[in-house]
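Let me begin by presenting the structure, written as structure tokens, before commenting on it.
Derivation of every value follows stated rules applied to the coordinates shown; laboratory data play no part. Source: prediction; values computed, not measured. For neighbour counting, all protein chains shown are included, and Cβ atoms are generated from backbone atoms with ideal geometry for every residue, glycine included.
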Amino acid sequence: MEITIQNQNAKAVIKTKGAELSSLQKEGKNYIWEVNSEFWNKTSPILFPIVGALKNGEYQFEDKLYQLPRHGFARDFEFEVAEKSENSVVFSLKSSEETNKVYPFDFELKISYVLENNTLIVKYEVINHSSEKMYYSIGAHPAFAIDGNFEEYSLIFDEEKDLETYQLSQDLFSGKTEIVKLEGNSLSLQYHLFENDALVFKNFATKSLTLAKNNKPVMKVEFPEFPYLGIWTKKDAPFICIEPWLGIADNASTSGNLTEKEGIQMLEPNTAKSVSWSVELF
């Protein structure tokens, strides 16, 4: 099922499966890419309760071994619509027998979408109903449409500073880094930048990115509460993903213990944590 929210300036469509944003329009233009499975079959999946891949696809918690696929399971579940108004919607996913087999915590995940003027605000709220500490990661993976020549586009950063990216090898961090040079505070998009998977930044100083076409701003993504960021596309694909993360993939030398995982978040019993990101359309 699809849920539509709108105001006088913009409209968003979100699927109940995965609470996945599938369309974001202003003046009839869709800023989210339209799926072509030749490249990718998603538009904006929610990454929970892990971000990225686990070493050997598994983790340990309290002496038990669990398996989870890359980016977790939230994107594959039907969410309930908890609240709905003309310009906002809240989705909810609660733990179940099925989730407990792979993730042994009593949780609720709420995803809210709110349109304010030309801006879509996306909030993730993770609630721990367990009687023990809960460990998790969460992240966004929106794919923004590229209209025309990919190399006409650029990303504008907050700072005029070269970037250090952390390299992936077979979905895990290899321990190697690479410097990506900016022109001023701008990175010209070229497919070869993504030959070895995503560009990944840790403890990232930049808290917003503007996507521009021929130096004219198209949209601005803000993510002040997220310490990690991924930027990704596939060769010749007409999209660019700007991915704020609260968590990160395993590295090749990880212990596999969930409590020791790099970037893992911890919630005390019967507490909650919220983080938000937004996209402003120009």
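When Lys and Arg each count +1 and Asp and Glu each count -1, what net charge do the other residues less than 14 Å away from Glu98, Cβ to Cβ, add up to?
On the way: positive: Lys94, Lys101; negative: Asp76, Glu78, Glu97, Asp106.
Within the 14 Å Cβ shell, the charges total -2.
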Loop sites in the stretch 129-211: GluC sites (Glu not before Pro), DSSP, at most 15 other Cβ within 10 Å | Glu132, Glu159, Glu160, Glu195
Given springs between every Cα pair under 10 Å in a Gaussian network model of the chain, which of Asp171, Asp106, Asp236 has the largest fluctuation?
-> Asp236
Here the averaged projected area of the chain, based on the convex hull of its alpha-carbon atoms and given in nm², is 14.3 nm²
Net charge of neighbours whose Cβ lies under 9 Å from the Cβ of Ile14, counting Lys and Arg as +1 and Asp and Glu as -1 | -1
Filtered hits (aspartates and glutamates, Cα-Cα < 15 Å from Lys181, offset >= 8 within chain) -> Asp158, Glu159, Glu160, Asp162, Glu164
Could you point to the residue in Phe39, Gly57, Leu281 farthest towards the positive end of the chain's charge dipole, with +1 and -1 charges on the Cβ of Lys/Arg and Asp/Glu respectively?
-> Leu281
Top of Val122, Val51, Val35 by mean-square fluctuation, Gaussian network on the chain, Cα under 10 Å | Val35
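To the nearest 20 debye, what is the magnitude of the charge dipole of the stretch 170-282 about its Cα centre, counting +1 on the Cβ of each Lys and Arg and -1 on the Cβ of each Asp and Glu?
Numbers: 11 positive and 14 negative charges, 76 e Å.
So the dipole magnitude of the stretch 170-282 works out to roughly 360 debye.
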Rounded to the nearest Å, the spacing of the alpha-carbon centers of the stretch 199-262 and the stretch 91-158 is 13 Å
Dipole axis of the stretch 2-281 (+1 Lys, Arg; -1 Asp, Glu on Cβ), positive-most option in Phe239, Ala82, Asn117 = Asn117
Summed residue charge, Cβ within 13 Å of Asn149's Cβ, Lys/Arg positive, Asp/Glu negative | -3
Looking only at lysines whose Cα falls under 26 Å of Lys84's and that sit 8 or more positions away or on another chain, we get Lys11, Lys15, Lys17, Lys26, Lys29, Lys42, Lys94, Lys110, Lys123, Lys220, Lys273
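Which value, in debye to the nearest 20, describes the size of the charge dipole of the chain about its Cα centre when Lys and Arg Cβ atoms bear +1, Asp and Glu Cβ atoms bear -1, and nothing else is charged? Working shown, then result.
Values: 28 positive and 42 negative charges, 52 e Å.
Around 240 debye, computed over the chain.
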